[in-house]
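Notes follow the structure.
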Amino acid sequence: MWLAVLIIVACLGFFFDQTVVRAIAGHQIRWLEQIAGVISKFGDWPELMGYAAVALVGVGFARKRTLVKVILCMMIAGTLAGAVTNSVRLLAGRARPNNHEVPPGWYGLWYQGQWLLGKYKFHSFPSGHTATAFAFFGVIGFAYRRWAWSFLAVAGVIGWSRLYINAHFFSDVLVGLVIGLFFAQLTWERAGPLLARLVKEK
C-alpha cells in the first residue's frame, strides 16, 4: 500500500513541480521568506532530536512511561526516515530549484569530472527535512489519533518552509512526506511494543 501511495504521490508531484516553483516565485514576501528560513533551520534532524532529548529527560523524571515510549519512537522514526532520504538523495543527485549552475535534472553521483557527494545543490530529492518531520510528528499521530492533525500540521509547516525558500521541488516534499509517515507507522507498530516492555509501561 505504501509503495502504491509513494508512486502516485511522486507522479503528482513531478507533474506539478514547475507550477509550484513558478507560483512561489511569483508570491515571494520578504518577511515570510525569513520566517520560512527560521522554520527550516530549526526543523532539521539535529534540532528535532535535541527537542526530543530535553522532553525525554523531563518525562523520564516525571515517570511518564507512555510518553517515554512515544518520544523514543519519535526519535527512532525521525532518524530512520532521515537516513533513508539522505541515502536516496545522495545517489539521485537531483539539482535543487535554487541551483542555477546547471539545468534542472538528475545528475547522479558524478557530473563533469566531479563527485556530487556532499554537494548541497545536488541533493534535492527527496526532502530530508520533510521526511524527518513527518516521521517524528507522525508517531504522535499514530499514538494519539485525536491530536494527529495538530502535530502533522507542524510537520507540514516544515515541509512548506523548504518549498518557500526554494530548496526543494514539490515532488521532493511529497515523497518525503510519504516516507516519513511510513516510518512513523512502522516504528510505532514494531518498535512501540518492544519499547513498552523495556520501559515497563503499565
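Quick rundown of the values:
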item: Angle in degrees between helix 170-186 and the longest Cα principal axis of the chain, rounded to the nearest 10; result: 20
item: Rounded if a/c under 1.5, otherwise prolate or oblate - segment 24-93, Cα gyration tensor axes; result: oblate
item: Overall form of segment 141-192 per C-alpha gyration tensor (a/c, 1.5; a/b vs b/c); result: oblate
item: Fewest-first sequence of Phe182, Phe15, Phe42 by Cβ atoms within 10 Å of each Cβ; result: Phe15, Phe42, Phe182
item: Reported label for calculated Rg and Dmax of the Cα atoms in Å given [x] 17.8, 59; [y] 20.2, 72; [z] 16.2, 50; result: [x]
item: Neighbour cut-off at most 12 other Cβ (10 Å), DSSP loop, trypsin sites (Lys or Arg not before Pro), segment 1-107; result: Arg63
item: On Cα atoms only, tilt of 128-143 relative to the major axis of the chain in degrees; result: 30
item: Cα long-axis angle, helix 65-92 against the chain (0 to 90 degrees, to the nearest 10); result: 20
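Here, each number is a calculation from the coordinates, and none is a lab measurement. Computed from a predicted model, the values in this text were never measured in an experiment. Neighbour counts are summed over all protein chains in view; Cβ atoms, including those assigned to glycine, are modelled from backbone coordinates with ideal geometry.
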